[in-house]
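*Asks:* My structure is below; once you've seen it, I'll send some questions.
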């Protein structure tokens, strides 16, 4: 099914010169395409598409400031499992590396005990590079993966998280499996 979605995405004239301000705005905004059991997420101005199995994921709107207010932000939740898949598309030039991105996040979380990361490890899967960590969660722990894919002048910053209801190891394995199952393709290839 991922190949069918990819074929549909590639056939869409995503890259082009916008003629109006409204078209320019649409070029910078995240777009979601659902085909059968697969979800594709992309920003027309970028060159990458993130593809993952739909499963029970539902797109949800998140209101807030900072990155949550970005038109390039996306958020999906599987309420059955309590799994979240969210992130941003940005120009590759904005990515300064896993360590610098992690340091910036930790700085933002200072003074917020519920966001204080522990059990921090690096993770690498295909072209994804990032950090796996745990935070306190009502009733236990929440496991997170913050991963980055940089290619074709585009940076995808993905955040996966899941409540560790069946134990931390089970949640870690589920998130690693989810990350591994995502596909990132260059539009037009």
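*Asks:* Once label points are set 7 Å from the Cα along Cα→Cβ at both residue 151 and residue 126, what is their separation, rounded to one decimal in nm?
*Replies:* Computed distance between label sites residue 151 and residue 126 equals 0.7 nm.
*Asks:* How much of the pair distance distribution for the range 109-189 lies past 14 Å, counting alpha-carbon pairs only, in percent?
*Replies:* Values: 2050 of 3240 pairs.
Here the long-distance tail beyond 14 Å is 63 percent of all Cα pairs in the range 109-189.
*Asks:* Between residue 93 and residue 80, 0.36 nm times their residue separation minus their Cα-Cα distance comes to what? Before the final figure, lay out the partial values.
*Replies:* Working: separation 13, 0.36 × 13 = 4.68 nm, distance 3.68 nm.
Length gained between residue 93 and residue 80: 1.0 nm.
*Asks:* Taking N as the number of residues in the range 146-189, what is its alpha-carbon radius of gyration divided by 2.2 N^0.38 Å?
*Replies:* Details: Rg = 13.3 Å, N = 44, 2.2 N^0.38 = 9.3 Å.
For the range 146-189, the normalised Cα radius of gyration comes out at 1.43.
*Asks:* Shifting gears a bit: Using a ≥ b ≥ c from the Cα gyration tensor of the range 52-189 (square roots of the eigenvalues), is it rounded, prolate or oblate, where a/c under 1.5 gives rounded and otherwise the larger of a/b and b/c decides, a/b for prolate?
*Replies:* On the way: a/c = 1.43, a/b = 1.22, b/c = 1.17.
Rounded.
*Asks:* Right, something else. So if we plug the beta-carbon distance of residue 70 and residue 118 into 1/(1 + (r/R0)^6) with R0 = 22 Å, what FRET efficiency do we get, rounded to 0.05?
*Replies:* Given R0 = 22 Å and the Cβ-Cβ separation, E is 0.20.
Laboratory data are not the source of any read-out in this text; all were calculated from the coordinates shown. Every value quoted in this text rests on a predicted model; they were computed, and no experiment measured them. Backbone-built Cβ (ideal geometry, glycine too); neighbour counts: all protein chains shown.
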